[in-house]
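Below is one structure, written out as structure tokens; comments come after it.
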Amino acid sequence: MSENQKADPAAPAPGWSVRHSDADEFPEAARVFGQALLFSDDVDTMLGLMRPLHDALGYERLLVAVDDGEGEEVIGTANHFPFEMTMPGGPVPVAGVTGVGVWPTHRRRGVLSSLMRRQLADIHADGVRYAALWASEGSIYERFGYGSACTELSTSVSRPHGTLRADAPRDPALRVVLREPERVRADLERVHAAVAATQVGQFRRTGPWWDRSLRDDAAQRGGRSPLVAAVVGGQDGPAGYALYRTRNRWADDGAQGEVHVQEITATTPAAWTALFEHLFSRDLVVRTVFDSLPADCPLHHLLTDRGRAVAQHHPSLWVRLVDMVGALSERPYAAPFEAVLEVTDRYAPWNAGRWRLKAGAEGARVEPADGAPDLSLDVHHLGAAHLGQAPLTGYLRAGLITEHTPGTVDALDTALHRFDAPFCGVVF
Ligand SMILES: CC(=O)SCCNC(=O)CCNC(=O)[C@H](O)C(C)(C)COP(=O)(O)OP(=O)(O)OC[C@H]1O[C@@H](n2cnc3c(N)ncnc32)[C@H](O)[C@@H]1OP(=O)(O)O
């Protein structure tokens with residue numbers, strides 16, 4: 001059966017097929033996902049922005065659905081980046097799914113389903129155990145086995161409230177310098193590499209990704225200043241940085257400027273303090289906005305009055321255990337756990353079935369099981385819980401998973417728990 005045929009043999013042929021694409025066809029693919037995602041740029045402008053990264057990473061993972069009629073028109077697209085992303089067991093290969101779109105006149109006929117099925121098979125065949133994505137809508141990806149695994153914070157602090165506690169750690173040996181980002185790129189790369197190696201959800205930022213992060217076309221600034229980098233460091237080298245833009249605004253009663261922080265990270269508490277104090281001390285500014293912070297960012301602890309920071313949670317990474325057995329085997333667990341899980345997986349049937357999970361600090365053994373299950377759930381629940389931030393208890397309370405042996409969910413949540421929040425920060 002071809003991948004786009006429906007299970008019902010009486011169903012009409014769908015009229016499209018899914019295949020790999022290439023660099024030459026990328027403009028057609030961009031036209032489709034640009035239209036689907038309501039991009040405001042025309043295709044040439046989009047390509048100008050996207051080509052450098054895609055040229056560097058290659059086009060061999062790009063999938064297209066094409067109308068089988070004359071002309072083989074592209075009607076759907078899906079792609080993924082080959083990341084090394086930090087998972088609970090450390091940095092591992094992860095497929096970063098991107099560029100998903102279906103031409104508006106061909107929606108709801110199963111085109112995305114065909115693309116997802118093929119993409120998962122490809123990722124599995126490559127031996128990659130996980131896929132991750134940022135979803136345009138939270139209602140799309142659970143059916144394909146992705147779980148909402150990470151929440152990040154956008155945070156806004158108004159001027160009088162940007163003061164840090166008197167006992168915030170301050171190190172007089174640290175100095176903050178403000179530079180054009182390319183001048184301090186080596187410092188940024190060094191700090192990020194140190195953080196990303198241990199912060200679950202971050203991917204190793206290779207050269208092409210740095211080019212994208214530091215890209216600074218005037219047309220894309222939306223009225224804000226060029227990007228600047230504040231780097232904090234001391235004798236041991238750089239210990240943190242903030243990448244930000246300012247916005248110049250005036251009202252009848254004076255300056256109403258803003259600071260917009262694209263990215264901030266640090267390796268020591270004193271470096272965080274120095275960066276926040278730099279940002280909050282910019283003159284002519286009434287508001288500092290952080291695009292995305294980890295849910296456990298030190299900011300909220302360091303503010304004199306944390307209640308004055310306006311924080312909004314937003315879902316970031318959706319995680320898919322493509323090779324569930326491999327993924328569950330290689331992560332460490334915070335407590336011993338043993339039970340039989342009955343797992344459903346519509347799009348990656350190799351994961352479906354009954355599995356005995358025997359887990360501990362060093363990893364787990366996951367073996368086919370015959371006995372009665374202690375817990376029944378879908379692979380997307382396990383994807384959501386994998387990063388340790390989204391307990392399965394929530395799904396149990398909502399009646400979406402079935403606990404056959406009381407206490408199994410509590411015990412599994414305890415085993416999966418992590419004290420540090422996951423964070424990705426970069427929409428891909
Ligand atoms: C990682 C990323 O790139 S995120 C970006 C995702 N892309 C977009 O949001 C662009 C705009 N949307 C689109 O292009 C399309 O609507 C897509 C890609 C979301 C869906 O494509 P379609 O070909 O219509 O999906 P398909 O027909 O295979 O639907 C499969 C199932 O998902 C459901 N579904 C699809 N899209 C949505 C949606 N936006 N909201 C809720 N349910 C949806 C369908 O109802 C169907 O449900 P079923 O399995 O219960 O019958």
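The values are calculated or read from the model by the stated rules, or taken from the named source; none is laboratory data. Quick caveat, the model's predicted, so the values are computed rather than measured. Don't worry about glycine lacking a Cβ; one is built from the backbone with ideal geometry, like all the others, and counts go over all protein chains shown.
Scanning region 20-42 for residues that are within 16 Å of the ligand (Cβ to nearest atom) and in contact (Cβ under 8 Å) with a residue 12 or more places away in the chain turns up 21, 26, 28, 29, 30, 31, 32, 33, 34, 35, 36, 37. Looking at residue 242, is it buried (at least 17 other Cβ atoms within 10 Å of the Cβ), assigned to a strand (DSSP E or B) and small (Gly, Ala, Ser)? In short, yes.
Only one of the listed residues (267, 273) is under 20 Å from residue 213 (Cα atoms), touching a Pro at 6+ places or on another chain (Cβ under 9 Å), in contact (Cβ under 8 Å) with a residue 60 or more places away in the chain and among the hydroxyl-bearing types (Ser, Thr, Tyr). That residue is 267.
For residue 224, which of the numbered conditions (1) outside any loop (DSSP other than H, G, I, E, B); (2) of a type in the set (Lys, Arg); (3) over 30 Å from residue 389 (Cα atoms) fails to hold? Answer for residue 224: the failing condition is (1).
The set of residues in region 277-326 that are without any contact (Cβ under 8 Å) to a residue 60 or more places away in the chain and within 29 Å of residue 141 (Cβ to Cβ) comprises 324, 325. Residue 72 satisfies every condition listed in (1) among the acidic types (Asp, Glu); (2) away from the ligand (no atom under 16 Å from the Cβ); (3) more than 20 Å from residue 23 (Cβ to Cβ) except (3).
Looking across region 133-177, the residues that are crowded, with 17+ Cβ neighbours inside 10 Å and within 22 Å of residue 400 (Cα to Cα) come down to 135, 141, 142, 144, 145, 146, 147, 148, 149, 150, 151.
Residue-by-condition table, conditions (1) touching a helix residue (DSSP H, G or I) at 6+ places or on another chain (Cβ under 6 Å); (2) at pLDDT below 95; (3) hydrophobic (A, V, I, L, M, F, W, C); (4) farther than 28 Å from residue 135 by Cβ:
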| position | (1), (2), (3), (4) |
| --- | --- |
| 360 | no, no, no, yes |
| 370 | no, yes, no, yes |
| 387 | no, no, yes, no |
| 390 | yes, no, yes, no |
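Quick check on my filter: what residues within region 217-232 are of a type outside the set (A, V, I, L, M) and either exposed (fewer than 14 other Cβ atoms within 10 Å of the Cβ) or modelled with pLDDT under 95 (or both)? Explain how you work it out, then say what you get.
The initial filter retains those residues of region 217-232 that are of a type outside the set (A, V, I, L, M), namely 217, 220-226.
Hits for region 217-232 are 217, 220, 221, 222, 223, 226.
Restricting attention to region 329-348, does a residue exist that is part of a loop (DSSP other than H, G, I, E, B), in contact with a His (Cβ under 6 Å, 6 or more places away or on another chain) and either on the phi < 0 side of the Ramachandran plot or at pLDDT 95 or above (or both)? Scanning region 329-348 turns up at least one residue that is part of a loop (DSSP other than H, G, I, E, B), in contact with a His (Cβ under 6 Å, 6 or more places away or on another chain) and either on the phi < 0 side of the Ramachandran plot or at pLDDT 95 or above (or both).
In region 102-126, the qualifying residues are those that are without any contact (Cβ under 8 Å) to a residue 24 or more places away in the chain and basic (Lys, Arg), and the one that is nearest to residue 73 (Cα to Cα) is 107. Beta carbons closer than 9 Å, at least 6 apart along the sequence or on distinct chains, pair a first residue in region 131-157 that is in contact (Cβ under 8 Å) with a residue 40 or more places away in the chain and near the ligand (Cβ under 9 Å from one of its atoms) with a second that is among the basic types (Lys, Arg) and assigned to a loop (DSSP other than H, G, I, E, B) for 143/346; 144/346.
Conditions tested, residue by residue: (1) in contact with an Asp or Glu (Cβ under 6 Å, 6 or more places away or on another chain); (2) among the hydrophobic types (A, V, I, L, M, F, W, C).
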residue	(1), (2)
222	no, no
226	yes, no
250	no, yes
253	no, no
256	no, no
278	no, no
287	yes, no
294	no, no
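Restricted to region 106-124, and to residues there that are away from the ligand (no atom under 12 Å from the Cβ) and of a type in the set (A, V, I, L, M, F, W, C), the residue that is surrounded by the fewest Cβ atoms within 10 Å (Cβ to Cβ) is 121.
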